[in-house]
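Chemist: Have a look at the structure that comes next, please.
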Amino acid sequence: MAQVSAPTQPAGGLVRRGDRWSKNPYVEALRRAARKPLGLLSMTVLGALILIALAAPLIVRASPTEQVRGQELQSPSVNHPFGTDELGRDLLARTVYGLRISLIAGVFAAAAGGALGAVLGMLAGYAGGVVDAVIMRVVDGLIAFPTILFGIALVAAFGPGLSNIMLAIVIVQIPVFARIARAVTLGEKNKDYVTAAQSLGAGGGRIIFGHILINALPPLTVQLALTMGFSVLLESSLSFLGIGIRPPNPSLGSILDTSRRFMRDHNYYPLFPGAILTLLILGLNSLADTLNEALNPRSRK
Amino acid sequence: MGRYLVQRLMQLVPVVVITSFVVFLLLRLVPGDPARLLAGADATEEQITALRKDLGLDAPLPVQYVRWAGDVLTGDLGRSYIKRRTVTELVGNALPATLELTIAAMLLAGLIGVPFGILAGLRPNSPFDLALAGYSSLALGIPNFLLAIIFLLVFSLNLGWFPAGGRIEFLEDPFRAWKHLVLPATVLGITSAAVYSRFVRSAMVEVYSMDYIRTARAKGLAGRTIVLRHALRNALLPLVTVLGIQFGRLLGGTVVVESIFAWPGMGRLALDAIRGRDYVVFQAVILLLVMASVVINLLTDLLYGALDPRIRLGR
């Protein structure tokens with residue numbers, strides 16, 4: 001998966017005057033996406049998945065962890081649309097609650113990592129000198145780790161569990177965001193409007209968060225969408241390898257791991273959890289593509 | 001070129017120091033006392049203290065790091081306390097397997113991704129282009145462990161075409177070795193193929209809009225000549241960088257793929273080490289894989305510089 005998006009230009013230029021709904025480039029991005037069949041489809045799927053995860057307790061009455069004797073490895077039926085697992089647990093409930101974990105890991109951890117990386121990058125770019133050198137050398141070092149490997153190493157060190165996985169995702173994402181934010185900051189900090197703000201007495205924090213951040217947002221948003229898909233992948237991979245979410249809590253990755261032992265005779269087992277996981281990552285990836293196209297004038301042709 | 005090389009090598013120094021320090025710290029972050037863990041449940045306090053001293057865990061962290069880095073630089077990666085063998089020995093057995101798998105995956109990805117990308121780039125928005133776009137979205141969306149499960153279910157359990165796991169040395173029995181290699185290499189390579197095809201496609205589209213291609217057309221050159229001698233040269237150059245990045249990704253991906261297909265390589269060694277809390281082995285494997293991707297990135301940058309004079313002179 002491409003981790004670094006192309007350097008992008010500020011989104012200011014794409015606002016079409018006279019059309020009051022397209023004042024906001026992000027609204028415009030989503031509108032443009034919704035006009036294409038594929039964009040509309042992926043946004044609908046993503047929206048539906050988020051809704052399902054939010055309303056999980058309303059949708060499934062079965063508990064994701066309750067084991068029912070005599071109900072082991074049942075094929076899909078009206079009572080258990082996704083079937084049951086080897087302990088008689090409802091796979092629909094486990095999948096839906098696993099989707100929740102995926103979204104929490106994907107959305108929140110990615111956003112936190114992105115915010116932290118962005119602040120560090122803008123600080124490095126604006127301050128320059130020693131601060132820049134120290135931050136960016138550490139970032140250079142961290143970016144050298146293959147991402148999945150780094151995530152595995154971090155979780156191995158911190159131990160399994162959702163909060164440790166999220167911490168690992170946050171750390172893994174910092175370097176890319178720091179690089180992007182720094183590049184934008186370097187481009188902006190000598191422009192006239194920054195000089196003007198400085199001469200009016202604005203401090204560093206005010207300039208970074210009030211003026212530079214707005215220009216860094218489009219490329220950071222694209223990267224965030226990419227990162228969300230990747231974070232979902234990372235969490236499920238770690239859980240699949242048995243060093244992620246701890247049983248009996250459901251995770252799409254660990255459900256798929258267990259399914260390997262039973263899929264020879266119960267082909268349905270990996271089917272639905274796998275499909276949901278793929279749909280989620282596909283949805284997030286195409287959201288990233290859409291935003292990239294809308295917010296990066298160079299990639300729109 | 002010489003000055004550029006020196007400059008690049010100098011830039012590498014802080015990266016190597018920082019990555020190795022991070023790897024070193026990871027082991028120290030692990031909750032609990034490694035000495036107590038290694039000594040076993042019925043060890044006395046004196047034994048644990050002695051072991052801690054023996055392992056050098058009583059020294060301050062920076063001292064420990066320098067000692068460890070010194071050992072690594074002289075080729076001593078430590079000993080596995082579980083497998084009772086030196087890490088060098090374990091890595092020596094695992095590395096050829098991982099190289100075989102990653103190289104096979106890269107070749108496969110290149111053979112699929114590059115020609116498909118060229119074809120799609122020559123005819124943007126054609127049915128073939130759209131089909132390829134669909135394929136690459138799907139390939140980037142499916143986690144590789146899920147793809148592995150699907151392949152196992154279809155090609156191994158149901159059709160019985162390929163074995164479900166394990167590795168055979170090529171020198172021993174080339175045909176059976178090949179059969180064992182197909183599934184893991186395909187799973188690992190399919191995502192890279194998607195990345196390459198997307199990249200080559202957009203590079204082709206971009207190159208084709210340039211003036212010199214129009215000039216070549218105006219001169220009346222044959223379509224094949226324009227593609228092979230004019231467009232491809234420039235379109236494929238940046239691919240070198242993508243190859244380097246993908247190699248790092250493949251190295252990370254081997255952890256998952258090797259564990260599913262029981263492939264006795266570095267990824268599996270790392271995973272076994274995590275599960276068995278064999279931290280010395282884990283640390284060494286991670287360090288080697290990270291260093292490998294650092295070196296590969298350097299090599300691709302140098303290769304890029306050698307292929308494209310503009311890069312070299314620009315710095």
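Chemist: If A:Phe108 passes every condition in (1) part of a helix (DSSP H, G or I); (2) crowded, with 20+ Cβ neighbours inside 10 Å; (3) not aliphatic (A, V, I, L, M) but one, which one does it miss?
Modeler: Looking at each condition in turn, A:Phe108 falls short on (2).
Chemist: Would you mind telling me which numbered condition in (1) more than 14 Å from chain A (Cβ to nearest Cβ); (2) surrounded by fewer than 17 Cβ atoms within 10 Å (Cβ to Cβ); (3) touching a Lys or Arg at 6+ places or on another chain (Cβ under 8 Å) B:Pro14 fails?
Modeler: Condition (1) is where B:Pro14 drops out.
Chemist: Find the residue count for segment A:34-84, including only residues that are in contact with a His (Cβ under 9 Å, 6 or more places away or on another chain) and either closer than 30 Å to A:Leu291 by Cα or surrounded by 13 or more Cβ atoms within 10 Å (Cβ to Cβ) (or both).
Modeler: Summing the residues that are in contact with a His (Cβ under 9 Å, 6 or more places away or on another chain) and either closer than 30 Å to A:Leu291 by Cα or surrounded by 13 or more Cβ atoms within 10 Å (Cβ to Cβ) (or both) in segment A:34-84 gives 5.
Chemist: When you scan segment A:244-280, how many residues do you find that are of a type in the set (D, E, K, R) and assigned to a helix (DSSP H, G or I)?
Modeler: 3
Chemist: Name the single residue, out of those in segment B:243-259 being within 11 Å of another protein chain (Cβ to nearest Cβ) and open to solvent by 30 Å² or more (accessible area, probe 1.4 Å), that is farthest from the chain's Cα centre (by Cα).
Modeler: B:Ile245
Chemist: Follow-up question, since we're still on this one. Quick one: would you say B:Leu146 is surrounded by fewer than 19 Cβ atoms within 10 Å (Cβ to Cβ), within 13 Å of chain A (Cβ to nearest Cβ) and part of a helix (DSSP H, G or I)?
Modeler: no
Chemist: B:Ala194: surrounded by 21 or more Cβ atoms within 10 Å (Cβ to Cβ), more than 12 Å from chain A (Cβ to nearest Cβ), over 30 Å from B:Arg28 (Cα atoms) and touching a residue at least 12 places away in the same chain (Cβ under 8 Å), yes or no?
Modeler: No, not satisfied.
Chemist: With respect to the numbered conditions (1) more than 10 Å from chain A (Cβ to nearest Cβ); (2) open to solvent by 10 Å² or more (accessible area, probe 1.4 Å); (3) under 27 Å from B:Ala69 (Cα atoms); (4) modelled with pLDDT of 85 or more, which one is the sole condition not fulfilled by B:Ala262?
Modeler: If we test B:Ala262 against (1) more than 10 Å from chain A (Cβ to nearest Cβ); (2) open to solvent by 10 Å² or more (accessible area, probe 1.4 Å); (3) under 27 Å from B:Ala69 (Cα atoms); (4) modelled with pLDDT of 85 or more, just (3) comes out false.
Chemist: Tell me which residues, restricted to segment A:246-257, are surrounded by fewer than 24 Cβ atoms within 10 Å (Cβ to Cβ) and either within 16 Å of the chain's Cα centre (by Cα) or modelled with pLDDT under 85 (or both).
Modeler: If the condition is that a residue be surrounded by fewer than 24 Cβ atoms within 10 Å (Cβ to Cβ) and either within 16 Å of the chain's Cα centre (by Cα) or modelled with pLDDT under 85 (or both), then A:Arg246, A:Pro247, A:Pro248, A:Asn249 are the ones that fit.
Chemist: Against the conditions (1) out of contact with any helix residue (DSSP H, G or I) (no Cβ under 6 Å at 6 or more places or on another chain); (2) closer than 30 Å to B:Arg268 by Cα, where does B:Leu236 fall short? Just the number, please.
Modeler: Among (1) out of contact with any helix residue (DSSP H, G or I) (no Cβ under 6 Å at 6 or more places or on another chain); (2) closer than 30 Å to B:Arg268 by Cα, B:Leu236 violates only (2).
Chemist: Somewhere in segment B:219-236, is a residue of a type outside the set (D, E, K, R), within 14 Å of another protein chain (Cβ to nearest Cβ) and more than 25 Å from B:Val72 (Cα to Cα)? Before you say what the answer is, go through the steps one by one.
Modeler: Narrowing segment B:219-236 to residues of a type outside the set (D, E, K, R): B:220-223, B:225-228, B:230-232, B:234-236.
Of the ones still in play, those that are also within 14 Å of another protein chain (Cβ to nearest Cβ) are none.
No; the residues of segment B:219-236 include none that is of a type outside the set (D, E, K, R), within 14 Å of another protein chain (Cβ to nearest Cβ) and more than 25 Å from B:Val72 (Cα to Cα).
Chemist: Would you mind stating whether B:Ala109 is surrounded by 17 or more Cβ atoms within 10 Å (Cβ to Cβ), within 14 Å of another protein chain (Cβ to nearest Cβ), on the phi < 0 side of the Ramachandran plot and not in a helix (DSSP H, G or I)?
Modeler: no
Chemist: I would also like to ask the following. Which residue out of A:Val130, A:Val138 is open to solvent by 10 Å² or more (accessible area, probe 1.4 Å), farther than 15 Å from A:Leu234 by Cβ and at the interface with chain B (Cβ under 10 Å from one of its Cβ atoms)?
Modeler: A:Val138
Chemist: Between residues in segment B:265-280 that are aromatic (Phe, Trp, Tyr) and residues that are open to solvent by less than 40 Å² (accessible area, probe 1.4 Å), which pairs lie under 7 Å by C-beta distance while being six or more apart or on different chains?
Modeler: Sorted first by the residue in segment B:265-280, then by its partner, the pairs are B:Tyr279/B:Leu27; B:Tyr279/B:Val30.
Chemist: For the structure I just gave you, tell me whether B:Leu77 is of a type in the set (A, V, I, L, M, F, W, C), outside any helix (DSSP H, G or I) and either out of contact with any Asp or Glu (no Cβ under 7 Å at 6 or more places or on another chain) or open to solvent by 90 Å² or more (accessible area, probe 1.4 Å) (or both).
Modeler: On the way: of a type in the set (A, V, I, L, M, F, W, C): yes; outside any helix (DSSP H, G or I): yes; either out of contact with any Asp or Glu (no Cβ under 7 Å at 6 or more places or on another chain) or open to solvent by 90 Å² or more (accessible area, probe 1.4 Å) (or both): yes.
When the stated conditions are applied, B:Leu77 passes them.
Chemist: Can I ask one more? Mind checking which residues of segment B:131-162 are of a type in the set (S, T, N, Q) and touching a helix residue (DSSP H, G or I) at 6+ places or on another chain (Cβ under 6 Å)?
Modeler: B:Ser136, B:Asn144
Chemist: Counting just the residues of segment B:265-299 that are out of contact with any Ser or Thr (no Cβ under 7 Å at 6 or more places or on another chain) and in a loop (DSSP other than H, G, I, E, B), which one comes out farthest from the other protein chains (Cβ to nearest Cβ)?
Modeler: Within segment B:265-299, the match that is farthest from the other protein chains (Cβ to nearest Cβ) is B:Gly276.
Chemist: Among the listed residues B:Leu152, B:Leu138, which satisfies the condition of being of a type outside the set (Lys, Arg), over 15 Å from the mean Cα position of the chain (by Cα) and either open to solvent by 20 Å² or more (accessible area, probe 1.4 Å) or within 21 Å of B:Phe247 (Cα to Cα) (or both)?
Modeler: B:Leu138
Chemist: Still on this structure: Hey, can you tell me all the residues within segment A:255-264 that are touching a residue at least 12 places away in the same chain (Cβ under 8 Å), within 10 Å of chain B (Cβ to nearest Cβ) and not small (Gly, Ala, Ser)?
Modeler: The answer is A:Leu256, A:Asp257.
The values are calculated or read from the model by the stated rules, or taken from the named source; none is laboratory data. These numbers come from a predicted model, not from an experiment. Quick reminder, even Gly has a Cβ in these numbers, built from the backbone with ideal geometry, and neighbours come from all protein chains shown. Side chains are part of the model used for accessible areas, which takes the heavy atoms of the whole protein and leaves out ligands, DNA and RNA. Shrake-Rupley method; radii C 1.70, N 1.55, O 1.52, S 1.80 Å.
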